[in-house]
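What follows is a single structure, and I will ask about it in a moment.
The values are calculated or read from the model by the stated rules, or taken from the named source; none is laboratory data. Model, not experiment: these values are computed from the prediction. So basically every Cβ, Gly included, is an ideal-geometry build from the backbone, and we count neighbours across all protein chains shown.
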């Protein structure tokens, strides 16, 4: 009689059932995301208000520094504050995903050393948590648009596409950094630097239109450039989207995602031994 | 003829231990990697490799478990029990060999894994259930049963950080007890919780196994619990499966391996490594509850080494290290090509009667070992630390009976 076994544990074996397992553990993914969200808003005193105060203050400072002091041009007729905020939304989503995700595995050491599940779930749920902050900030944007009496154009229908792009970019980069952070603990210091540095090389406080032509290619290699430009294009309707730059960004994003997932899966097996 | 439900075949798990990790401890830092690479350019590869030492947590282990079996896994600390469970639960990968399993495995390596202190009891039931592999529907169906088992109905909507530790453990175990996997893997989780609850948990595990034909693998230091619950047992020692068979035979073998209490003198002719112990001897002096150990030891330096200091671990008959004596904190053994002898006195706390074993260690830093001779000598304590007590001591009430005094408070006037 042929013996049938459901689980075979061997070195390198986990590869084969990976995506199946990921599906099997989807409920765990929901519940971990739910836990992170719940705990996040339970623990801080001002809770959800934090998701409003942070972008609001950043926007005010950026509008003052870039718009009033440096007198940089806005995009078309859009108020400078609105332009900053439309860029700040995806940027803050990206930066908080990066920060949350990279610490997520270390924060869940007890789970990793005691229970089996595809580890991908943990950084993924950290990205989802950041998305809740994004949704709250988005509500603020809507209020601001009402306040400025600014009507979005028909292009707003494309917003979900750029939202997805923001997601993929955040997830891909986060995965790579998360895995590195388990192995090399110094990434804890590097990540805040990346986030801070990225804020200035991405068009958050300024418009992409002021970037000189000779720098465009290099500039487009920052995947957040297209995400932010796309957001502005959808929300403000003014800027014209650079399709060639979008294409470059998408290639870079895809590359990050593939490398991120591969590196994560390669190192994932030894997380329990290294963490 | 029952079919095997778990088949373990030549399973090994190897860890690399880094010796010169220094104060940084167990994490690799990018700086170390970069500087190692730079340093390594001119050197041969072996020199950079030499820092790492292989350690086999499990070595060539094979066994089978049949459906409905309740198997106890016993052995001293570091025997490989927990590693086996981790490999079985797919938390870590084996280095070689394979395990074949029929059905779903749920592992309970810790009570309340993933419990979040900020969340309420109700929320944690769902969270913990999902972590252990239950579906939402399944948890909902068993919710009332879980709550009844844990006896925490009143506190369901209280954050668990306000729970007493007993309540916490009860709730956590209740969730795990209602898992319905084909195979349940349980690590030493019952060590916590009061004895009545332990009994209840053991009863539940037995019921699950008897009535529903589920397979249970159970690790414990508590021989009574193992003998109660299990039919078969596996005995591990330093990564090897040394005995398997009927539970009584195996626990007997385990206890006998200590019963042959180690002598009080140990000698080695040729020390390994740069610096090593060549002889260690113990003498017990005084009376309960103020026994004193006198350990005489000799060390021999063979090659140049960093200044080192010594530590002595004392473990009890269950293999649990209960204390460590560190006579001098600063490294004091210099490199010197001769054999030197020292002696250390250790004031023992009021220990309960048992057989105790001593391990001798020396090294330049807590994270760096030059010589570690495990459980080489022993001593036995026969009389109770409480003068006049005849009732026997059990380990469930602790290893030490501290001196205590009762004073009747006079009413304040």
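Considering only residues of the range A:90-106 that are within 14 Å of chain B (Cβ to nearest Cβ) and farther than 30 Å from residue A:234 by Cβ, which is nearest to the chain's Cα centre (by Cα)?
In this case the residue turns out to be A:105.
So, in the range A:192-218, how many residues would count as being farther than 25 Å from residue A:60 by Cα and either at pLDDT 85 or above or in a helix (DSSP H, G or I) (or both)? Reasoning before the result, please.
First, the residues of the range A:192-218 that are farther than 25 Å from residue A:60 by Cα: A:212-218.
Narrowing further to those that are either at pLDDT 85 or above or in a helix (DSSP H, G or I) (or both): A:213-218.
Going through the range A:192-218 one residue at a time, the tally reaches 6.
Inside the range B:117-133, can you point out the residues that are farther than 27 Å from residue B:212 by Cα, facing chain A (nearest Cβ under 8 Å) and touching a helix residue (DSSP H, G or I) at 6+ places or on another chain (Cβ under 6 Å)?
The one that is farther than 27 Å from residue B:212 by Cα, facing chain A (nearest Cβ under 8 Å) and touching a helix residue (DSSP H, G or I) at 6+ places or on another chain (Cβ under 6 Å): B:118.
Under 7 Å between Cβ atoms, which residue pairs at least 6 apart in sequence (or on different chains) link something in the range A:226-237 that is free of Cβ contacts under 8 Å to residues at least 40 places away in the same chain with a partner that is assigned to a helix (DSSP H, G or I)?
Pairs found: A:229/A:208.
Hey, another quick one. Return the residues of the range B:297-312 that are part of a strand (DSSP E or B) and either without any contact (Cβ under 8 Å) to a residue 60 or more places away in the chain or in contact with a helix residue (DSSP H, G or I) (Cβ under 8 Å, 6 or more places away or on another chain) (or both); say none if nothing qualifies. Before you say what the answer is, go through the steps one by one.
Here is the first cut: in the range B:297-312, the residues part of a strand (DSSP E or B) are B:297-301, B:308-312.
Hits for the range B:297-312 are B:298, B:300, B:301, B:309, B:310, B:311, B:312.
Going by the conditions given, is residue A:109 within 14 Å of chain B (Cβ to nearest Cβ) and within 15 Å of the chain's Cα centre (by Cα)?
On the way: within 14 Å of chain B (Cβ to nearest Cβ): yes; within 15 Å of the chain's Cα centre (by Cα): no.
Spelling it out, it is not the case that residue A:109 is within 14 Å of chain B (Cβ to nearest Cβ) and within 15 Å of the chain's Cα centre (by Cα).
In addition: Residues in the range A:187-199 that are crowded, with 17+ Cβ neighbours inside 10 Å and within 14 Å of chain B (Cβ to nearest Cβ): how many?
Qualifying residue count for the region: 2.
Then there is this: Just need a number here: residues in the range B:97-129 that are touching a residue at least 60 places away in the same chain (Cβ under 8 Å) and closer than 19 Å to residue B:177 by Cα.
Start the filter on the range B:97-129 by keeping residues that are touching a residue at least 60 places away in the same chain (Cβ under 8 Å), which leaves B:97-112.
Within this subset, residues satisfying the condition of being closer than 19 Å to residue B:177 by Cα are B:103-112.
Residues in the range B:97-129 being touching a residue at least 60 places away in the same chain (Cβ under 8 Å) and closer than 19 Å to residue B:177 by Cα: 10 in total.
Table: residues versus (1) at pLDDT below 85; (2) away from chain A (no Cβ under 13 Å); (3) under 15 Å from residue B:170 (Cα atoms).
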residue	(1), (2), (3)
B:96	no, no, no
B:103	yes, no, no
B:112	yes, no, yes
B:135	no, no, no
B:148	no, yes, yes
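Can you give me the number of residues within the range A:112-158 that are within 14 Å of another protein chain (Cβ to nearest Cβ) and either touching a strand residue (DSSP E or B) at 6+ places or on another chain (Cβ under 9 Å) or assigned to a helix (DSSP H, G or I) (or both)?
9
Being more than 13 Å from every other protein chain (Cβ to nearest Cβ), modelled with pLDDT under 90 and surrounded by fewer than 21 Cβ atoms within 10 Å (Cβ to Cβ): is that true of residue A:8 here?
Details: more than 13 Å from every other protein chain (Cβ to nearest Cβ): no; modelled with pLDDT under 90: yes; surrounded by fewer than 21 Cβ atoms within 10 Å (Cβ to Cβ): yes.
No; evaluated as a whole, the condition is false for this residue.
Hey, among B:61, B:87, which residue is modelled with pLDDT of 75 or more, in a strand (DSSP E or B) and within 14 Å of another protein chain (Cβ to nearest Cβ)? I'd like the intermediate steps shown before the answer.
Details: B:87 fails: in a strand (DSSP E or B).
The conditions single out B:61.
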